[in-house]
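Here the structure is laid out as structure tokens; the discussion comes afterwards.
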Amino acid sequence: MRHLLLLALFALTPFAQARTIGIFNGAGTCEGCGETVGAFFQARQDKVIYLNEKTLSAATLAKIQVYVQPGGSDDIDETLNALRPAQIRALRQFVQQGGSYLGICAGAYLAGRYSDAASRKPAFGLVPINEVDAEIASPAATLLPVQWQGQTRWFYHQSAPHLGKTAPAGAEILGRYQRSGRIAALSTRFGHGKVLLVGPHLEAGRDWYQADGLSLQYGTAEADFARLLDRL
């Protein structure tokens, strides 16, 4: 059923040449999060490969065009502690030289300069934000209103980050949390590459909502997420 829904979302979309997408599903990622995102790319006829802390390297990154860091742990140090500095440098170089980075929730936290600005522990450093912080304190799954393309939309949110109130130079703001006015999603550049950061889980399907007891009266944001992939 879910596969049929994704096919319907893409049925009228003209696709560019198929790409190879690398999705991290190692330390610090949530069960099934990478595979959920992978299904969207596969529906576009892209090839999906999964990477982890053992296989992420300059050599594997050379085989892909888009790198995805999906949702995961509330503590991004779980991912950072599992990766060697050389692996993080390879990822930065991949984007700098023209690759695309998609960071969702935990992946958006990781894109900042530091996991904790006070301790100066390096994160991926793909956006000039010292530390990416949570939008709300509660770790429970909920729906939050987001100003999205001129409309108020309710998106699935679980420990999701905000990206400040002022976008980095050259960045495009895609959505703002309605209550705080802080940035929920943005698109920017790092060197020659693209960086797309999304706080809420737009990829969440009905099964996510039902598992967490969330209302489906506003529908899901899967079609919005599918359109976002055109930016990569």
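Leu126 meets each of the listed conditions (1) on the phi < 0 side of the Ramachandran plot; (2) open to solvent by 40 Å² or more (accessible area, probe 1.4 Å); (3) in a loop (DSSP other than H, G, I, E, B) apart from (2).
In the condition set (1) over 16 Å from Leu232 (Cα atoms); (2) part of a loop (DSSP other than H, G, I, E, B); (3) modelled with pLDDT under 95, Phe15 is compliant with all but (1). Would you mind stating whether Tyr177 is more than 27 Å from Arg19 (Cβ to Cβ), open to solvent by 20 Å² or more (accessible area, probe 1.4 Å) and not polar (S, T, N, Q)? Taking the combined requirement at face value, the residue does not satisfy it. Does the range 132-148 contain at least one residue that is surrounded by 20 or more Cβ atoms within 10 Å (Cβ to Cβ), of a type in the set (S, T, N, Q) and touching a Leu at 6+ places or on another chain (Cβ under 9 Å)? Scanning the range 132-148, I find no residue that is surrounded by 20 or more Cβ atoms within 10 Å (Cβ to Cβ), of a type in the set (S, T, N, Q) and touching a Leu at 6+ places or on another chain (Cβ under 9 Å), so the answer is no. Arg227 meets the stated requirement of being at pLDDT 95 or above, under 18 Å from Ile104 (Cβ atoms), open to solvent by 50 Å² or more (accessible area, probe 1.4 Å) and among the basic types (Lys, Arg). What's the total number of residues in the range 29-71 that are open to solvent by less than 70 Å² (accessible area, probe 1.4 Å) and at positive phi? Summing the residues that are open to solvent by less than 70 Å² (accessible area, probe 1.4 Å) and at positive phi in the range 29-71 gives 1.
The numbered conditions (1) open to solvent by 30 Å² or more (accessible area, probe 1.4 Å); (2) in contact (Cβ under 8 Å) with a residue 40 or more places away in the chain; (3) outside any strand (DSSP E or B) are all true for Gly170 except (2).
The values are calculated or read from the model by the stated rules, or taken from the named source; none is laboratory data. Keep in mind that what you see is a predicted model, and the values were worked out from it rather than measured. All Cβ positions, even for glycine, are placed from backbone atoms using ideal geometry, and neighbour counts span all protein chains on display. Quick note on the areas: whole protein, heavy atoms, side chains included, nothing else; ligands and nucleic acids left out. Shrake-Rupley method; radii C 1.70, N 1.55, O 1.52, S 1.80 Å.
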